[in-house]
1. Tell me whether the stretch 113-121 contains one or more residues that are in a strand (DSSP E or B), of a type outside the set (Lys, Arg), at pLDDT 85 or above and in contact with a Ser or Thr (Cβ under 9 Å, 6 or more places away or on another chain).
2. Which condition from (1) touching a Lys or Arg at 6+ places or on another chain (Cβ under 7 Å); (2) under 15 Å from residue 23 (Cβ atoms) is the one that residue 111 breaks?
3. Within the stretch 5-52, can you find the residues that are touching a residue at least 60 places away in the same chain (Cβ under 8 Å) and open to solvent by less than 70 Å² (accessible area, probe 1.4 Å)?
4. Look through the stretch 57-72, keep the residues that are within 16 Å of the chain's Cα centre (by Cα) and open to solvent by 80 Å² or more (accessible area, probe 1.4 Å), and return whichever of them is nearest to residue 45 (Cα to Cα).
5. Hey, does the stretch 88-105 have a residue that's over 16 Å from the mean Cα position of the chain (by Cα), closer than 24 Å to residue 16 by Cβ and loosely packed, with under 10 Cβ neighbours inside 10 Å?
6. Out of the stretch 33-56, which residues are within 19 Å of the chain's Cα centre (by Cα) and of a type in the set (Val, Ile, Thr)?
Amino acid sequence: MALTRGIPVDGIALAGEHGLPVVAILPKTFRNDLGIMEQAHTQEGLPQFTVQTLYTPSNGSKAELLNVTLAAAQQPDIPLLTPVRYEQLTCSLWQLPSGRSGLSFSAASVMPATPVRKTGGD
């Protein structure tokens, strides 16, 4: 599978000021050469996780799961439905020899969102 370089994504624009609610945080897995499922790791040996959040477009379109890959020493401990924001969110395009293609998302970190407060002149 060939990936292009990551294209930066504006997490604030994507998530809005309140963040995206967490639906699940799971180990990212793949089927190895023996057909056994195992957890994916980075080249540096960090385990990878899939953080699933619910993305609801502002134009009223249907909500979708946004799966974001995150490398971390430990699985993030964020309660379900907690709004989150991603740091250094990127999107990559992929295509398989079979012709299937799609987008994959990754981030450097995930954290509970705090509403963006507008500052005003006092």
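1. There is no residue in the stretch 113-121 that is in a strand (DSSP E or B), of a type outside the set (Lys, Arg), at pLDDT 85 or above and in contact with a Ser or Thr (Cβ under 9 Å, 6 or more places away or on another chain).
2. It is condition (2) that residue 111 fails.
3. Answer for the stretch 5-52, where residues must be touching a residue at least 60 places away in the same chain (Cβ under 8 Å) and open to solvent by less than 70 Å² (accessible area, probe 1.4 Å): 6, 9, 11, 14, 15, 19, 20, 21, 22.
4. Across the stretch 57-72, the extreme among qualifying residues is 65.
5. So far as the stretch 88-105 goes, no, none of its residues is over 16 Å from the mean Cα position of the chain (by Cα), closer than 24 Å to residue 16 by Cβ and loosely packed, with under 10 Cβ neighbours inside 10 Å.
6. Passing the criteria: 42, 50, 51, 53, 56.
The values are calculated or read from the model by the stated rules, or taken from the named source; none is laboratory data. The structure displayed is predicted, hence computed values, not measured ones. Here Cβ is always computed from backbone atoms with ideal geometry, including for glycine, and neighbour counts include all displayed protein chains. Accessible surface is based on the protein model in full, side chains and every heavy atom, while ligands, DNA and RNA are left aside. Shrake-Rupley method; radii C 1.70, N 1.55, O 1.52, S 1.80 Å.
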